[in-house]
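K.L.:
Have a look at this one before I ask anything.
Every number in this text was worked out from the coordinates using simple rules, so none of it is lab data. As the structure is a prediction and not an experimental result, all values here were calculated from the model. Glycine also receives a Cβ, built like all others from the backbone with ideal geometry; neighbour counts cover every protein chain displayed.
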Amino acid sequence: MQPHSDASDAGLLRLVAERDEAALRELVERHSAWLLLRLMRRTPDRDLAHEALHDTFVAVWQRPQAYRGDGDVGAWLWGIAIRRLVARLRLRAQPTPLAGQALSALSPTVRSAEDEVLVAVEHGPVGDAMRALSPELRQALQATVVDGLSTREAAQLLGIPAGTVKSRVRLAKVRLREQLVRGEAWS
């Protein structure tokens, strides 16, 4: 039995704030697999996903007190991970396209229910409709709806004002609805 295996995630973060390396290792063991799977859905570059995951836990080690205690620690970690991935993508000359095949190559026993739904959406009519959106609308919708970031977090991530995020999400939803009703996503 590991020394911190019974501690809650929030408890582990409090220990990390006290510079407890074993607590950080426990957080990594609990969360790294699913975080990596979700990151690999956002980029076909396996190394980039691993780098973003590493950056995530370095950020946790450096600023564990950034977790305010409101909400799930896993969701907080995902927010860090997706921002780290986007930051790394921004350093590249061309943005890396989404990769649905990265997850679909995994055995069904490795996938979570959330991953199953996301794969079905990505490869179904909704995914087709999303790919028909402009990159700006798709990014705003993905950041807020798929990745679950707040408008403020999405604005920081995308480097645009929060009002612009809201406008793009609203417009993206209208366009998605129109495409799905007309059946354009199925043709």
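K.L.:
Which peptide among 159-168, 132-141 comes first, and what is the full order, when sorted by highest mean count of other Cβ atoms within 10 Å?
P.N.:
Going from most to least packed, we get 132-141, 159-168.
K.L.:
Sorting Asp128, Asp45 on the 10 Å Cβ count, fewest up front, what's the list?
P.N.:
Going from least to most buried by this count: Asp128, Asp45.
K.L.:
Could you tell me the calculated FRET efficiency between Arg63 and Ser167, based on Cβ-Cβ distance and R0 = 30 angstrom, to the nearest 0.05?
P.N.:
0.45
K.L.:
From the phi of every residue in the stretch 57-70, what ³J(HN,Hα) in whole Hz does the Karplus formula 6.51 cos²θ - 1.76 cosθ + 1.60 yield, where θ is phi - 60° and glycine or proline is x?
P.N.:
Each residue of the stretch 57-70 in turn: 6, 5, 4, 4, 5, 6, 9, x, 6, 5, 6, 7, x, 9 Hz.
K.L.:
With 10 angstrom as the radius, rank Arg19, Arg170 by how many other C-beta atoms surround their C-beta, starting from the fewest. Don't skip to the answer; put the middle values down first.
P.N.:
Values: Arg19 10, Arg170 13.
In increasing order of surrounding Cβ atoms, one gets Arg19, Arg170.
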